[in-house]
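Novice: Have a look at this one.
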Amino acid sequence: MKNPYLPMSCVIKETKKETADIKTISVELPDLPAPFDYAPGQFNQISVMGVGEMPISIGSRLDDKTITHTVRAVGEATSKLVELDAGDTIGLRGPFGQGWPLEAAAGKDLLLATGGLGLAPLRALLDLIEAERDRFGRVNLAYGARTPGDMIFTDRFDRWRVIPDFELFLTVDHVPKEAVWEHATGVVTHVFDRLTVDPARALAFTCGPEIMMRFVANSLLIRGFDQNSIFVSMERRMECGMGKCGHCMIGPKYVCIDGPVFSYAQVKALPHNIIAGKGLAA
Amino acid sequence: MVRALKLDGLDILIESLKKDYLVYAPLSRNGDYFFSILEEEKAYLGCAVTIMPPKRILQPEVQTLFNYTAVDGYSIETPPLDQKQALFGIRPCDVHAMLGFDRVFGGRYEDPYWWERRKNTLVVAANCTTVAEECFCSSWGTGPGLDANYDLLLTDLEDGYLLEIGSPAGEEVAIQLDVPPAGEADLSKKARLLARATASIKKVLGVKPTELHDFLAERFDHPAWQPQADVCFSCGNCTITCPTCYCYNIFEDYSPALKAGERRSEWDSCQLLEFARIAHGFNFRRTRLDRFKHRSIHKLSWMDQQYQTPGCVGCGRCVRWCPSWPVRRGRPTSLADPVEIIGDLMEAV
Ligand SMILES: Cc1cc2nc3c(=O)[nH]c(=O)nc-3n(C[C@H](O)[C@H](O)[C@H](O)COP(=O)(O)OP(=O)(O)OC[C@H]3O[C@@H](n4cnc5c(N)ncnc54)[C@H](O)[C@@H]3O)c2cc1C
Ligand code: SF4
Ligand code: SF4
Ligand code: FES
């Protein structure tokens, strides 16, 4: 019997600082019987030896054996992970979860609305849009951050801007005095007036803090998006990633195996979340 | 037809089991019962559920997932789990709970720790011919008698024991016993005793299991939840003693000097504050109300939706071991009691 608790040893090939506390880590997978296959929106359980495991979204595929993860230091394990450098070893098991609904998205317009590190779980999808542009209709990426310095993947912005029928809308909450900023200010929903996707034939994918996803979803519902066309990626405490340890449960759903991506309609039927606002006692 | 034998006493069976298996049985300790390794003491087969369910023998409170050294990447070693063991005197409700664990630890990601132990475990179940005050297995169809999913099944017939054989592994044990087959009279006596036991169960869940999903979904915001949650200690007794609760943490014990560590799993409880807390301290079930509802509805509806197996088998442990009794003066049961929870929710708003 295969043991799904055992991590594979992977060597870090390269690290790149994105912001003051966010780093992108390229890891080389060991030789595997079949290529490591994952769908945009899925995650891996990454181990730092001596500290523990954490769920991290899978980013880009750099070559057959190398994939990226983008991590923010927020606690014990993530802080240790961002301290690691090229040559260090981590553990990895995955991929886990249900990613973005690519089949439903075929031929549709796409709105990707996200904030801060929430762009990381959309990175693999953006790579796919670049590589297979014909699979989707018009694409809008609305990306917000606290300040310009809190944006990740900034080196990709120019590449994304030249994708045909692709609009990039940037916004920040606050521009520090010394910074130059020629884009919008305000929360991410502020750029929604300028969207060029057609709500009647678009899917919206959003990822970020639940309160942000709540505002995004509400704003899109008002603009004529259907509840079955809005998809959110949810974060819950995870231990196993396999629908067994119980930690990621929201009502009868497991975020690790039924999600992390859910439709707004699905979330509306669930308790204990902020996105659709049901059943979180004060 | 199931082959059945008639035993005068249990010693001959226990001696035979001990030859090939490490035998666990309910043993009496100061008036309560524990599943422990059976040595010289007498196993208790009267109906009184053990404080801790036998899940701890198949999924220990803390277990090693693997040991590793971190010199050149992870070099991993998993523990051997080949001990042959027998669960002697496991009750029908606890057998049903174990079948639930088979679903949780099966599926797309099979859990090798559970299945290695499970394959090496002989189920020597015992029907309940008498029942305790807290039992309500008949509401779920999980007792007091067991129809299948055992290797051997005992019934106390008062003038001896009926031993039914349910699998080839059970037959291997039975074949070594030099005892006569049971007669028609023994089998009809068993049926009579189980009918009497069923009739003596006073506790009944107010809503049929098949109707619980809708019943609870409609009452998610019922005012009866709050007063119950107000007197809940969030101690986790109801989940730790529950035979169907499976939740656990994964944690690490590491020695930097040795560059070696161990990854373990450890039982956890959704009633504890940290259970649903994520980084930055954000907690999706911060209040006792949200945690109490999560546990209650997971037991009574969601687990069945997830695994097509009931999340409660009516064993009564949470009725007995919830410490809320003195707080809820005047109520003859604990606030964790599923029958009580459903009863309160049946009251019109
Ligand atoms: C599907 C998914 C995808 C994600 N993708 C990314 C990503 O791409 N990039 C990224 O940076 N982050 C991502 N995250 C978030 C990331 O997993 C968390 O930030 C990370 O787990 C935090 O771990 P930590 O040890 O640093 O934090 P800590 O706060 O130190 O602890 C981690 C977890 O353990 C629990 N915990 C800690 N201490 C205790 C204790 N004493 N008792 C009980 N519980 C405790 C916490 O509740 C927390 O959930 C993702 C999360 C999910 C669910
Ligand atoms: S919820 Fe209570 S009665 Fe039901 S199986 Fe668990 S401990 Fe037993
Ligand atoms: S009631 Fe709580 S501890 Fe028990 S299985 Fe459900 S979530 Fe886990
Ligand atoms: S992370 Fe363990 S059940 Fe989802």
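Novice: Here are A:Gly243, A:Gly224, A:Gly186: which of them is away from chain B (no Cβ under 14 Å) and either more than 19 Å from A:Ala145 (Cα to Cα) or among the acidic types (Asp, Glu) (or both)?
Specialist: A:Gly224
Novice: A follow-up question, please. Among the residues of the stretch A:204-221, are any hydroxyl-bearing (Ser, Thr, Tyr) and either without any contact (Cβ under 8 Å) to a residue 24 or more places away in the chain or within 13 Å of chain B (Cβ to nearest Cβ) (or both)?
Specialist: no
Novice: How many residues are more than 18 Å from B:Asp221 (Cβ to Cβ) and of a type in the set (D, E, K, R) when one looks only at the stretch B:330-349?
Specialist: Matching residues across the stretch B:330-349 total 3.
Novice: Conditions: (1) closer than 25 Å to B:Asp102 by Cβ; (2) part of a strand (DSSP E or B). B:Cys238 meets all but one. Number of the miss?
Specialist: (2)
Novice: For the stretch A:192-218, enumerate the residues that are part of a helix (DSSP H, G or I) and of a type in the set (Val, Ile, Thr).
Specialist: A:Ile211, A:Val216, listed by residue number.
Novice: May I pose another question? Could you grab me the full set of residues in the stretch B:266-317 that are within 16 Å of ligand 1 (Cβ to nearest atom), of a type in the set (A, V, I, L, M) and part of a helix (DSSP H, G or I)?
Specialist: Within the stretch B:266-317, B:Leu273, B:Ala276, B:Ala279 meet the criteria.
Novice: In this structure, is B:His294 at the interface with chain A (Cβ under 9 Å from one of its Cβ atoms), closer than 27 Å to A:Ala77 by Cβ and touching a Pro at 6+ places or on another chain (Cβ under 9 Å)?
Specialist: Here the answer is yes, as B:His294 does meet what is asked.
Novice: Quick one: how many residues across the stretch B:235-272 are within 16 Å of ligand 2 (Cβ to nearest atom) and of a type in the set (Ser, Thr, Tyr)?
Specialist: 5
Novice: Is it the case that B:Gln271 is touching a helix residue (DSSP H, G or I) at 6+ places or on another chain (Cβ under 8 Å), more than 8 Å from chain A (Cβ to nearest Cβ) and crowded, with 17+ Cβ neighbours inside 10 Å?
Specialist: So B:Gln271 fits the description; yes.
Novice: I've got another one for you. Run down A:Leu32, A:Leu6 and say which single residue is more than 14 Å from chain B (Cβ to nearest Cβ) and surrounded by fewer than 22 Cβ atoms within 10 Å (Cβ to Cβ).
Specialist: Unique residue meeting the criteria: A:Leu32.
Novice: Output the residues belonging to the stretch B:243-265 that are within 7 Å of chain A (Cβ to nearest Cβ), within 16 Å of A:Arg237 (Cα to Cα) and assigned to a strand (DSSP E or B).
Specialist: Passing the criteria: B:Tyr248, B:Asn249, B:Ile250, B:Phe251.
Novice: Specify the residue that is surrounded by the fewest Cβ atoms within 10 Å (Cβ to Cβ); the eligible residues are those in the stretch B:62-89 that are within 8 Å of chain A (Cβ to nearest Cβ) and among the aromatic types (Phe, Trp, Tyr).
Specialist: Here the answer is B:Phe66.
Novice: Search the stretch A:252-263 for residues being surrounded by 22 or more Cβ atoms within 10 Å (Cβ to Cβ) and free of Cβ contacts under 8 Å to residues at least 60 places away in the same chain, and hand back the single one that is farthest from ligand 3 (Cβ to nearest atom).
Specialist: The qualifying residue farthest from ligand 3 (Cβ to nearest atom) is A:Phe262.
Novice: In the stretch A:59-81, which residue that is more than 14 Å from chain B (Cβ to nearest Cβ), of a type in the set (S, T, N, Q) and outside any loop (DSSP other than H, G, I, E, B) is nearest to ligand 2 (Cβ to nearest atom)?
Specialist: A:Thr70
Novice: Within the stretch B:122-139, does at least one residue satisfy the condition of being polar (S, T, N, Q), away from chain A (no Cβ under 11 Å) and surrounded by fewer than 16 Cβ atoms within 10 Å (Cβ to Cβ)?
Specialist: Yes, because at least one residue in the stretch B:122-139 is polar (S, T, N, Q), away from chain A (no Cβ under 11 Å) and surrounded by fewer than 16 Cβ atoms within 10 Å (Cβ to Cβ).
Novice: Give, as residue ranges, the helices (runs of 4 or more DSSP H) completely inside the stretch A:86-187 that count at least 3 residues that are more than 17 Å from the chain's Cα centre (by Cα).
Specialist: Answer list for the stretch A:86-187: A:157-161.
Novice: Could I ask something else about it? Looking only at the stretch B:265-297, count how many residues are within 15 Å of ligand 4 (Cβ to nearest atom) and touching a residue at least 60 places away in the same chain (Cβ under 8 Å).
Specialist: 3
Novice: Read through the list (1) within 16 Å of ligand 4 (Cβ to nearest atom); (2) assigned to a loop (DSSP other than H, G, I, E, B), then give the number of the only condition that A:Pro40 fails.
Specialist: (1)
Novice: Would you point out which residue out of B:Phe275, B:Phe284, B:Phe292 is aromatic (Phe, Trp, Tyr), under 22 Å from the mean Cα position of the chain (by Cα), outside the structural domain of B:Met52 (by TED's automatic domain parsing) and away from ligand 2 (no atom under 16 Å from the Cβ)?
Specialist: Going through B:Phe275, B:Phe284, B:Phe292 in turn, just one is aromatic (Phe, Trp, Tyr), under 22 Å from the mean Cα position of the chain (by Cα), outside the structural domain of B:Met52 (by TED's automatic domain parsing) and away from ligand 2 (no atom under 16 Å from the Cβ): B:Phe275.
The values are calculated or read from the model by the stated rules, or taken from the named source; none is laboratory data. The shown structure was predicted, so the numbers you read here are calculated from the model rather than taken from an experiment. A quick note on method: Cβ atoms are made from the backbone with ideal geometry, for glycine too, and the neighbour counts reach across all protein chains shown.
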